[in-house]
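Everything on this sheet refers to the single structure shown next.
None of the figures in this text is laboratory data; all of them are computed from the coordinates on show. On a predicted model such as this, the values are computed, not experimentally measured, just so you know. Every residue, glycine as well, gets a Cβ built from its backbone with ideal geometry; the counts of neighbours run over all protein chains shown.
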Amino acid sequence: MKLFSICLLLTLLICPAFAQNEAAPGSNALRTYHVGRDLESRGRTVEAELNYNETVRICNDEISRNAATGDTYTALTWTLQRQRKYQDVITWGERGLRLYADEYRIVQTMGEAYFYLDDYEQSIRFMQRYANAVPQGERISVAYFFIGEIYRLTRQFYHADIAYTTAVRHEPGSALWWYRLGSVREAVGDFLKAIEAYERAIRLNPNYREANDGLTRSRRQVS
């Protein structure tokens, strides 16, 4: 139940913030998907779901007519991810990568799907594949954040620190990410560095209770 809550939090906090970083729509399926993402980010979930279902229909039609492109499989896996159909993301992602092996948008999405399926080994493998192939990719910060999450959840805190640090270097505007960085630094007793990270989180979100609590704990350790 705790892991499910973490996954739900990530779905709500990560994806909306980075919708603008996904590749610009280049097909009917991608355009329909992006309409759904925009609606979802504004809380219009029923309308968003209608657009997601239409995206899936378009993609299935293109696949059945042998008219599918890399955009087709990208739109399909992105949509299934938003619908939390993670095993379907893997199934269609594998099929897409057999046809378009360098479609790294699919690679990164599969890394997220494996994370939500609790398959951390595969998740890291796909995230690292993405990071190695497109080190300046539009989802590179998200990839490193998920790597950090896996290392944190498996209590490899020093590795988590490196991954989170890389994530916030690429995208410094997420309070959640700075909080996570502070938490792993606090876990290994690096309290001064934890204070720095917690302060960054609070600067972005002054009402972030967990970050404020972490800051208070860490300051006590160095006072």
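Stretching residue 47 away from residue 210 to a fully extended chain increases their span by 55.4 nm, per 0.36 nm per residue minus the current alpha-carbon distance. Of the trypsin sites (Lys or Arg not before Pro) found in region 127-167, the ones in coil according to DSSP and having at most 11 other Cβ atoms within 10 Å of their Cβ are 155. The Cα trace of the chain gives Rg and Dmax of 18.4, 68 Å, the first to one decimal, the second as a whole number. Here the Karplus relation 6.51 cos²θ - 1.76 cosθ + 1.60, evaluated at θ = phi - 60°, turns the backbone of region 41-52 into coupling constants of 5, 9, x, 9, 5, 5, 5, 4, 5, 4, 5, 4 Hz, with x for every Gly and Pro. Under a model in which nothing but the beta-carbon of Lys, Arg (+1) and Asp, Glu (-1) is charged, the chain shows a dipole of about 540 debye around its Cα centre.
With labels modelled as points extended 7 Å from the Cα through the Cβ direction, what inter-label distance (nm, one decimal) is found for residue 138 paired with residue 87? Inter-label distance under the simple model: 3.1 nm. With axes computed from alpha carbons, what is the tilt in degrees of helix 120-133 against the longest principal axis of the chain, rounded to the nearest 10 within 0 to 90? Computed tilt is about 80 degrees.
Helix 209-222 and the longest principal axis of the C-alpha atoms of the chain enclose an angle of approximately 30°.
Compared with the dominant principal axis of the Cα atoms in the chain, helix 70-82 is inclined by about 50°.
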